[in-house]
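Below: the structure, in structure tokens.
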Amino acid sequence: MPIDSAHLLARPFPAIEHTYTQRDTQLYALGVGLGSDPLDGRQLSYVYEGKDGHSLRAMPTMANVLAYPGFWAREADTGITWQKLLHAEQEIHIHAPLPVSGRVKGVTRITGLWDKGEGKGAFLQQTREITHADTGQLLATVLQLSLLRGDGGFGDGGSPGAPPAPHPMPEGEPDHACEVATPVQLALIYRLSGDLNPLHADPVVAAAAGFQRPILHGMALMGVAAHAVLRTVLAYDDVRFAGMRVRFTAPAWPGDTLHVEMWVRGSTVSLRVTAVERGVIVLNNARVDLR
């Protein structure tokens, strides 16, 4: 049965309040690979509070897990064939530095729905605004683009225009490149920040989905790539990190060595990430926006 595009575009979402602690901030950073060099004080700033208890910083990509509405596509009123949903892109805009602890509010809405045609699926975009629950200050905007592989052909009533075009990659050799070794338990750590999908932990579930082993969360991969830019281009000056957009092109595995290529053009760092051992591009048409 085709989805009801008018209902989906108007679907209300309850505001979500999320209280988190310094420990949650440290756990998120560990889940995207920070602290891999225990002698690097710049990395430790994201996982260790310091002797004064006030040195901790929040990774900008932690916005992805704050006030997250969960996997709402499984709810009956959506009409979405959730078993065939794929996470295609993720984008964040950081409006103010994220507090290392506190209470935030997230409001989600559906901001785009584009029909690719019968048998071809549809694209759905959801947008979440994250504000400080006490002051109302806008902290971050998070956009997620999903491919609804089983829900094309609903006809008129979707959004005008087309889904966002991929970020164009520069020509020529990258300005920077680095390799990041991911620990084999990375997905098991990252899931403790709230994404408990068993695909990332249970070998039986992963096998049923057609994978040789549990795969890494896409947003954990995004955080690993963000760390590569912070380390290589920004010297860990995360105040300059204004936003990030990634396109997921293949699953990454915990334990992969990731080769991150970076092209710096003005205030944009374009990215491509390859899993070295398998020769597979896992992130492409990606960018980090700088202040």
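No lab work stands behind these numbers, since they all come straight from the coordinates. Just so it is clear, the structure is predicted and the values come from calculations on it, not from any experiment. Here the Cβ positions follow ideal geometry from the backbone for every residue, glycine too, while neighbour counts run over all protein chains shown.
What is the gain in length, in nm to one decimal, between Arg291 and Thr127 on full extension, counting 0.36 nm per residue of separation less the C-alpha to C-alpha distance? Extending this stretch completely gives an extra 56.8 nm.
Ranked by Cβ crowding within 10 angstrom, fewest neighbours first, how are His217, His132, His200 ordered? Mind showing how you got there, number by number?
Numbers: His217 26, His132 16, His200 21.
Lowest count first: His132, His200, His217.
Applying 0.36 nm per residue to the separation of Lys84 and Val205 and subtracting their alpha-carbon distance, the gain on full extension is 42.0 nm. Each of Leu221, Leu56, Leu39, Leu138 has some number of other Cβ atoms within 10 Å of its Cβ, and from fewest to most they run Leu39, Leu138, Leu56, Leu221.
At a Förster radius of 45 Å, what calculated FRET efficiency corresponds to the Cβ-Cβ distance of Asp134 and Asp175, to the nearest 0.05?
Details: r = 41 Å, r/R0 = 0.92.
In this case the efficiency is close to 0.65.
Phi angles across region 143-149 convert, under the Karplus curve 6.51 cos²θ - 1.76 cosθ + 1.60 with θ = phi - 60°, into 3J(HN,Hα) values of 10, 10, 10, 10, 9, 8, 5 Hz, Gly and Pro given as x. In order along region 237-243, phi translates into HN-Hα couplings of 8, 6, 5, 7, 7, 9, x Hz, rounded to whole numbers, per the Karplus curve 6.51 cos²θ - 1.76 cosθ + 1.60 with θ = phi - 60° and x for Gly and Pro.
For Thr111, the residues 5 or more places off, or on other chains, whose built amide H falls under 5 Å of its own are Gln125, Gln126, Thr127. If the reach is capped at under 18 angstrom between alpha carbons, list the lysines near Lys84, excluding any in the same chain fewer than eight residues apart. Once the sequence-local lysines are set aside, what remains near Lys84 is Lys116, Lys120. Computed from phi, the 3J(HN,Hα) profile of region 72-77 under the Karplus parametrisation 6.51, -1.76, 1.60 (θ = phi - 60°) reads 5, 4, 6, 6, 4, 6 Hz, with x in place of Gly and Pro. One Cα centroid belongs to region 49-116, the other to region 244-286; the line between them spans 20 Å. The helix-only estimate of mean residue ellipticity at 222 nm for the chain, built from DSSP H runs of length n ≥ 4 each weighted as -39500 (n - 2.57), is -4000 deg cm²/dmol after division by the residue total. For the chain, the longest principal axis of the C-alpha atoms and the axis of helix 218-232 are separated by about 40°. Compute the long axis of helix 22-31 from its Cα atoms, compare it with the longest principal axis of the Cα atoms of the chain, and write down the angle in degrees, 0 to 90, nearest 10. Approximately 80 degrees, to the nearest ten.
Take every Cα pair under 8 Å whose residues are at least 6 apart in sequence, average their separation, divide by the length of the chain, and the relative contact order is 19 percent. Database remark: amide H of Tyr236 closer than 5 angstrom to the amide H of Arg231 (H placed geometrically; neighbours at sequence offset of 5 or more, or on other chains; Pro and chain starts carry no H).
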